[in-house]
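Structure first, then comments.
Throughout, read-outs are computed from the coordinates displayed, never taken from laboratory work. Note that the structure is predicted; figures quoted are calculated from it, not measured. Positions of Cβ are backbone-derived with ideal geometry, glycine not excepted, and every protein chain shown enters the neighbour counts.
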């Protein structure tokens, strides 16, 4: 199981567009084989977005990253972000 929290900090003028693009891939991502969780959250005070993701395996995550709707978002990030995406891989505490 792979658990990820990704912090996305768009440029202020790109915030709404970035949020909309991420909202636009939620349903398709959740329909992917191996995707168990894919949720978008906003921290308005910090003007950043958070994706909370859970995939069954590295293979499922790799397949997700290859989807055209995901690569389109990654291309958008190249000009829209104020900071690089901060990706945190997390392990459950038992």
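Axis angle, to the nearest 10 degrees, between helix 15-30 and the longest C-alpha principal axis of the chain: 20 degrees. Round to the nearest 10 and give me the degree value, 0 to 90, for the angle of helix 68-80's Cα axis relative to the longest principal axis of the chain. The angle comes out near 30 degrees. Take the Cα of residue 39, step 7 Å toward its Cβ, do the same at residue 78, and the gap between the two points is 3.3 nm. Between residue 16 and residue 62, the contour length at 0.36 nm per residue exceeds the Cα-Cα span by 13.9 nm. Scaled to the globular estimate 2.2 N^0.38 Å, the Cα spread of the chain, given as radius of gyration, is 1.05. Inter-label distance, residue 47 to residue 87: 2.5 nm, where each label sits 7 Å from its Cα along the C-beta direction. Across segment 2-90, Cα pairs under 8 Å and at least six residues apart give a relative contact order of 47 percent.
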